[in-house]
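Read the figures in this text as sums done on the coordinates, not as results from a lab. As the structure is a prediction and not an experimental result, all values here were calculated from the model. Note that each Cβ is placed from the backbone with ideal geometry, even for glycine, and that neighbours are counted across all protein chains shown.
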Amino acid sequence: MDNARFGDLMEKGCGALGVTVGEDVPARLNRLMGELLKWNAKVNLTAITAEEEVVEKHFLDSLAVLPEVEGAGSVLDVGAGAGFPGLPLKMARPSLSVTMVDAVGKKVGYLKAVVAVAGLGLTGTKAVHTRAEGKPEAEGLPRADRVIARAFMDLPDWLDLAPAYLAEGGHVVAMLGKALSEEELKAQAEKRGLKLVSARSYRLPFSGAERQVAAFAK
Ligand SMILES: C[S@@+](CC[C@H](N)C(=O)[O-])C[C@H]1O[C@@H](n2cnc3c(N)ncnc32)[C@H](O)[C@@H]1O
């Protein structure tokens, strides 16, 4: 997509979501889209291949959770797949230390390759090939200020797994496709000795699809 069109979509999308990114970020995301779609022809990374949908459903949906990540120094993206939300978050907030983990070697191969592409601004981002089972040291995974996943597990399973990766004072962030009530979120948290820190719903800016993001602390 040409950078002007891409920049337009990003401006509208970020505006609707109430998030801001640096002015160099859209062009870098556009290059990332090029890499994603090129690799997708060889490695099964995403079923979403229409460019405007990639912008909305992968990039903007990842950036929508910036408010839940602000102030953190490190993010662990579990079941990152093609790098969502980890890669857009790193591009938007370069000082974040981002680790992405996936159980499928080919996906991690893609992640390592894009991290190495000069000019994408992903230097220092880590991609780890392992199955996350709640044993960070054995799995070679760091503990992080934000342990996040999208389209990875149902909330109960996620809340069973993710706290094992939390740094002191950190938050587990759940990106949910289907909104749950605050009572349900609190009940799921309390069952595991966790606290609900925040929960909010948002809509993707072009399709209007509903999403929810919730954060939990120990
Ligand atoms: C539906 S994809 C979601 C990918 C990405 N988070 C997104 O939203 O586009 C789920 C990913 O989780 C990975 N996965 C499943 N179980 C895993 C585990 N225990 N540890 C690490 N990755 C896992 C799969 O290989 C797959 O790439």
Checklist entry - Which one of the conditions (1) within 24 Å of VAL197 (Cα to Cα); (2) within 17 Å of the chain's Cα centre (by Cα); (3) among the small types (Gly, Ala, Ser) does ALA103 fail to meet, given that it meets all the rest? => result (1)
Item to check | Top-ranked residue in region 142-199 [being surrounded by 20 or more Cβ atoms within 10 Å (Cβ to Cβ) and of a type in the set (Phe, Trp, Tyr); ranked as farthest from LEU96 (Cα to Cα)] | outcome: TRP158
Checklist entry - Of everything in region 102-119 that's assigned to a loop (DSSP other than H, G, I, E, B) and more than 12 Å from the ligand (Cβ to nearest atom), which residue is farthest from LYS42 (Cα to Cα)? => result GLY119
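Does SER74 count as within 13 Å of the ligand (Cβ to nearest atom) and either of a type outside the set (Val, Ile, Thr) or under 14 Å from the mean Cα position of the chain (by Cα) (or both)?
Numbers: within 13 Å of the ligand (Cβ to nearest atom): no; either of a type outside the set (Val, Ile, Thr) or under 14 Å from the mean Cα position of the chain (by Cα) (or both): yes.
No: the conditions fail for SER74.
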Checklist entry - Considering only residues of region 123-180 that are out of contact with any helix residue (DSSP H, G or I) (no Cβ under 8 Å at 6 or more places or on another chain) and hydrophobic (A, V, I, L, M, F, W, C), which is farthest from SER95 (Cα to Cα)? => result ALA179
Checklist entry - Using beta carbons and a limit of 7 Å, which pairs, at least six apart or on different chains, have the first residue in region 37-56 and within 18 Å of ARG150 (Cβ to Cβ) and the second one charged (D, E, K, R) and crowded, with 16+ Cβ neighbours inside 10 Å? => result LEU45/LYS107; ILE48/LYS57
Next on the checklist: Can you tell me which of (1) within 15 Å of LYS107 (Cα to Cα); (2) surrounded by 21 or more Cβ atoms within 10 Å (Cβ to Cβ) is the one LEU29 doesn't meet?
Outcome noted: (1)
Checklist entry - When both residues are 6+ apart or on different chains and their Cβ atoms are under 6 Å apart, which pairs have a first residue that lies in region 145-164 and is closer than 16 Å to PRO85 by Cα, and a second that is in a loop (DSSP other than H, G, I, E, B) and more than 12 Å from the ligand (Cβ to nearest atom)? => result ASP145/ALA72; ASP145/GLY73; ARG146/ALA72
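To keep it simple, each residue is scored yes or no on (1) without any contact (Cβ under 8 Å) to a residue 24 or more places away in the chain; (2) over 21 Å from the mean Cα position of the chain (by Cα); (3) more than 16 Å from VAL65 (Cβ to Cβ).
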{"site": "VAL173", "(1), (2), (3)": "no, no, no"}
{"site": "LEU185", "(1), (2), (3)": "no, no, no"}
{"site": "GLN188", "(1), (2), (3)": "no, yes, yes"}
{"site": "LEU194", "(1), (2), (3)": "no, yes, yes"}
{"site": "ALA199", "(1), (2), (3)": "yes, no, no"}
{"site": "SER207", "(1), (2), (3)": "no, no, yes"}
{"site": "GLU210", "(1), (2), (3)": "no, no, no"}
{"site": "ALA214", "(1), (2), (3)": "no, no, no"}
Checklist entry - Out of (1) surrounded by fewer than 19 Cβ atoms within 10 Å (Cβ to Cβ); (2) within 16 Å of the ligand (Cβ to nearest atom); (3) among the basic types (Lys, Arg); (4) free of Cβ contacts under 8 Å to residues at least 40 places away in the same chain, what's the single condition that is false for LYS90? => result (1)
